[in-house]
Amino acid sequence: MRSSEEIQVKFNLAHPILITLVLMSGWELACHDTKKTSGSASVNVADATTTKQLISGFHAVEGTGWRWTERKFSVVLGPPPNFDHVGARLNVRLYVSSNQLKRIGSITLSAQVNQIQLAPQTFDKEGEYFYKRDIPPMKAATKIVPVRFFLDKAASPDTTDGRELGIIVTSIALEPR
């Protein structure tokens, strides 16, 4: 018979593996949903049918259908048609608020798709923007394309809002080129 201490040690060692498997199965489910769409694989951050594609770094839906991000955030998207031959275009629709700019200054967004670093873009004025970057053709190892985003800074949680706040995002898409 095993001691409870021995069982606890084995569970602690298996815990990261379980988390990885759960995340990967969620990514697979997200991919299957995006394959049902025609054209580009996209996520409207307010759409409940694509919420599971928002992997990390997104806060709850607000206002008319947008979400604040944290400094680092990520999604999984299905590859658009002919991704392995012609590549795609990453298109992020975002908003930078004047309050955020007053609080932390200009904000630089960069992204990584399948380990390929995309060029950054800096925002120093309030307004709606599109972060668009071409992605070269690549053979997707799976039916999902992980996209990781990085901001150079974000507002730290404070007494009025306990969340880390980066930028406001409404949609993210991989579009055919």
Requested in this report: Under 17 Å from a label point 7 Å along Cα→Cβ of THR160: give me every residue in the range 84-117 with its amide N that close.
Outcome: 97-105
Requested in this report: About the Cα centre of the range 32-177, how large is the charge dipole given +1 on each Lys and Arg Cβ and -1 on each Asp and Glu Cβ? Please answer in debye to the nearest 20.
Outcome: 360
Query raised in the report: For GLY87, which sequence-distant residues (separation of 5 or more, or a different chain) have an amide H within less than 5 Å of its own amide H, given hydrogens modelled in the peptide plane?
Result: MET138
Report summary line: Karplus-derived 3J(HN,Hα) from phi for the range 156-164 (6.51 cos²θ - 1.76 cosθ + 1.60, θ = phi - 60°), whole Hz, x at Gly and Pro, runs 6, x, 9, 6, 8, 9, x, 9, 6
Query raised in the report: In nm, to one decimal, how far is the ALA46 label point from the ILE116 one, both placed 7 Å along Cα→Cβ?
Result: 3.2
Report summary line: Once phi for every residue in the range 54-71 is put through the Karplus expression 6.51 cos²θ - 1.76 cosθ + 1.60 (θ = phi - 60°), the whole-Hz ³J(HN,Hα) values, with Gly and Pro written as x, are 7, 7, 7, x, 10, 8, 4, 4, 10, x, 8, x, 9, 9, 6, 10, 8, 5
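Values quoted throughout were computed directly from the atomic coordinates according to the rules given, and no laboratory measurement underlies them. Note that the structure is a prediction, hence the values are computed from the model and not measured. As a convention, Cβ positions derive from the backbone with ideal geometry for all residues, glycine included, and neighbour counts pool all protein chains shown.
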